[in-house]
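What follows draws every value from the coordinates through simple rules; no lab data is involved. Predicted model only: the values in this text are computed from it and were never measured. Note that we place each Cβ from the backbone using ideal geometry, even for glycine, and neighbour counts take in every protein chain shown.
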Amino acid sequence: MSRGRWTKEQFQGDAQSLAKALLGTQLVRMLDDGSQISGTIVETEAYLGVMDRAAHAFGGRRTQRNETMYAAAGTAYVYLIYGMYNCFNVVCGEPDEPTAVLVRALAPIEGIQRMREARSKAKRERDLCSGPGKLCQALFIDRSLDGEDLASSDRLFIKGEPGPPKDSTLICAPRIGVDYAGAWADKPLRYYLEESEHVSKKLRS
């Protein structure tokens, strides 16, 4: 696989496979002033579409908010939670098959000072992108990027060899914040790199 930016084809497939493949790759944000901010993806969650009680599209729900989930693979799905925090997802599967991967945490690489300015309350570098809302704030990802084509965009894209990296330990765990989903809340659909200090929440040993 190429170490360059991902093509449309690389985003296609099931959410669980993509959630693992994104680990170790870089999420890159290009700002209007030409500066670049990026981080290595270290934590993801898979959402399996209409059968998944934790997914926005459970039962075939289709609204203005989640319409982007029904787009082609490689589309950015950005939504707002609690009226204040943005979350960034990567759509996968076929058009009208609403499956996606939530990017939960990054290890900062470039533009760390810009991240600190955007996340002024974060006291440590490990806190800059250790959660879906945090990383969107740090990378200036908001609803204006909802529907962005990650394969062709000059503003937001993913690059690097699909993971997880060979020298890492992949952990599968239940997703976070989906207690309302019944049995689906316990399914191990969250994936993270054990060695990273930037993961939002690790399993207790």
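Restricting attention to segment 66-131, which trypsin sites (Lys or Arg not before Pro) occupy a DSSP loop and are surrounded by at most 15 other Cβ atoms within 10 Å?
Values: sites: 104, 114, 116, 119, 121, 123, 124, 126; in loops: 119, 121, 123, 124.
Listed in order of number, the matching sites are 121, 123, 124.
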| About its Cα centre, what dipole magnitude does the chain give when the only charges are +1 on Lys and Arg Cβ and -1 on Asp and Glu Cβ, stated in debye to the nearest 20? | 660 debye
| task | May I ask you to work out the translational diffusion coefficient for the chain at 37 °C, viscosity 0.692 mPa s, via Stokes-Einstein with Rh from the Kirkwood sum over Cα pairs, reported in whole µm²/s? | result | 196 µm²/s
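Which order do 172, 87, 129, 136 fall in if you start with the one that has the fewest other Cβ atoms within 10 Å? Walk me through the numbers before you get to the answer.
Numbers: 172 15, 87 19, 129 32, 136 23.
Least crowded to most crowded, the residues run 172, 87, 136, 129.
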| Members of 8/159; 159/187; 20/201; 20/202 lying beyond 19 Å, as alpha-carbon distances in this model show | 159/187
| Out of 78, 6, 147, whose Cα points farthest toward the positive end of the dipole of the chain (charges: +1 Lys, Arg; -1 Asp, Glu; placed on Cβ)? | 78
| Charge dipole (the chain, unit charges on Cβ, about Cα centre) - positive-most of 58, 100, 184 | 184
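What net charge do the residues around residue 123 carry, taking every other residue with its C-beta under 15 Å from that of residue 123, with Lys and Arg at +1 and Asp and Glu at -1?
Values: positive: 116, 119, 121, 124, 126, 134; negative: 117, 125, 127, 197.
Once all neighbours under 15 Å are counted, the net charge is +2.
Can you pull a Stokes-Einstein diffusion coefficient for segment 1-120 at 20 °C (1.002 mPa s), Rh from Kirkwood over Cα pairs, as a whole number of µm²/s?
Details: Rh = 15.1 Å.
This corresponds to a translational diffusion coefficient of 142 µm²/s.
Could you line up 6, 184 from fewest to most neighbouring Cβ atoms inside 10 Å? Before the final figure, lay out each step's value.
Values: 6 22, 184 19.
Ascending number of Cβ neighbours within 10 Å: 184, 6.
Cut-off is 10 Å between beta-carbons; in what order do 115, 51, 30 appear when sorted fewest neighbours first?
Values: 115 24, 51 12, 30 15.
Placing the least packed residue first, the sequence is 51, 30, 115.
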| Between 47, 36, 22, whose Cα lies farthest towards the positive end of the dipole of segment 1-57 when Lys and Arg beta carbons carry +1 and Asp and Glu beta carbons carry -1, centred on the Cα centre? | 22
| For q = 0.18 Å⁻¹, Debye-computed log10 I/I(0) when each Cα of segment 51-170 counts as one equal scatterer | -1.02
